[in-house]
Amino acid sequence: MQSGLNLWPPFRGAGIRIEELSADYLRCKVSLKFRWWNKNANRTQYGGSMFSMTDPIYPLMFMGILGKEYVVWDKAAEIEYLAPGKKRLLAEFELNAQQIADIVEATKAGNKIFPQFEVLIKDINGTEVAKIKRTLYIRKKEKYCIPETAVA
């Protein structure tokens, strides 16, 4: 998946690269190069490119973890710019076993949930440049659900 994403035109064209994706999909590290074509009018990183570098990551991580039994979508997102991005930027995404277990438990009867995650974008010196909050839509597909009566 990492190689495919690095060749995906929206990422490649924007200078976004998946630097690391763990085999268990619990960790992902994404970078954004600072190029002349992704500078804004103030000669800093274009905010849309920063936002894009976080766009599909959590859904793809969950799709890799939960598999074909689940529907996973990005539902909502917001960005808060903290400082101008003037260098290569990095974002690290992490999930843990408890988060996964909670989601599996909450969705086993087919209920949809909207978990929220936050990721920081930092420059190569560690300066926080942006904070992104992402809300996902996760639901177990009906044919894989455990009926409510069996759950209780």
Total residues in segment 66-100, condition open to solvent by 50 Å² or more (accessible area, probe 1.4 Å) and outside any strand (DSSP E or B): 11
For residues that are open to solvent by 50 Å² or more (accessible area, probe 1.4 Å) and modelled with pLDDT of 80 or more, scanning just segment 2-21, find the one that is nearest to PHE51 (Cα to Cα). ARG17
Filter result for the condition that a residue is at pLDDT 95 or above, farther than 18 Å from SER31 by Cα and among the small types (Gly, Ala, Ser), over ALA97, ALA130: ALA97
Just wondering, is there one or more residues in segment 43-53 that are open to solvent by less than 20 Å² (accessible area, probe 1.4 Å), among the hydroxyl-bearing types (Ser, Thr, Tyr) and outside any helix (DSSP H, G or I)? yes
May I ask you to say which residue of GLY110, GLY67 is on the phi > 0 side of the Ramachandran plot and touching a Cys at 6+ places or on another chain (Cβ under 7 Å)? GLY110
I'm told ALA130 meets every condition in (1) farther than 30 Å from ASN42 by Cα; (2) touching a helix residue (DSSP H, G or I) at 6+ places or on another chain (Cβ under 7 Å) except one. Can you identify the failing condition by its number? (1)
When the residues of segment 101-115 are narrowed to those that are aliphatic (A, V, I, L, M) and open to solvent by 20 Å² or more (accessible area, probe 1.4 Å), which ends up farthest from the chain's Cα centre (by Cα)? ALA109
Of everything in segment 116-152 that's assigned to a loop (DSSP other than H, G, I, E, B) and farther than 17 Å from GLY67 by Cα, which residue is most open to solvent (accessible area, probe 1.4 Å)? ALA152
Confirm whether ILE57 is closer than 19 Å to LYS122 by Cβ, of a type in the set (Val, Ile, Thr), surrounded by 18 or more Cβ atoms within 10 Å (Cβ to Cβ) and at pLDDT 90 or above. yes
Determine whether segment 31-42 contains at least one residue that is assigned to a helix (DSSP H, G or I), at pLDDT below 95 and in contact with a strand residue (DSSP E or B) (Cβ under 6 Å, 6 or more places away or on another chain). no
Among (1) more than 20 Å from ARG134 (Cα to Cα); (2) touching a helix residue (DSSP H, G or I) at 6+ places or on another chain (Cβ under 8 Å); (3) of a type in the set (S, T, N, Q), which single condition is THR44 missing? (2)
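The values are calculated or read from the model by the stated rules, or taken from the named source; none is laboratory data. Keep in mind that what you see is a predicted model, and the values were worked out from it rather than measured. Neighbour counts are summed over all protein chains in view; Cβ atoms, including those assigned to glycine, are modelled from backbone coordinates with ideal geometry. What goes into the accessible areas is simple: the full protein's heavy atoms, side chains included, and nothing from ligands, DNA or RNA. Shrake-Rupley method; radii C 1.70, N 1.55, O 1.52, S 1.80 Å.
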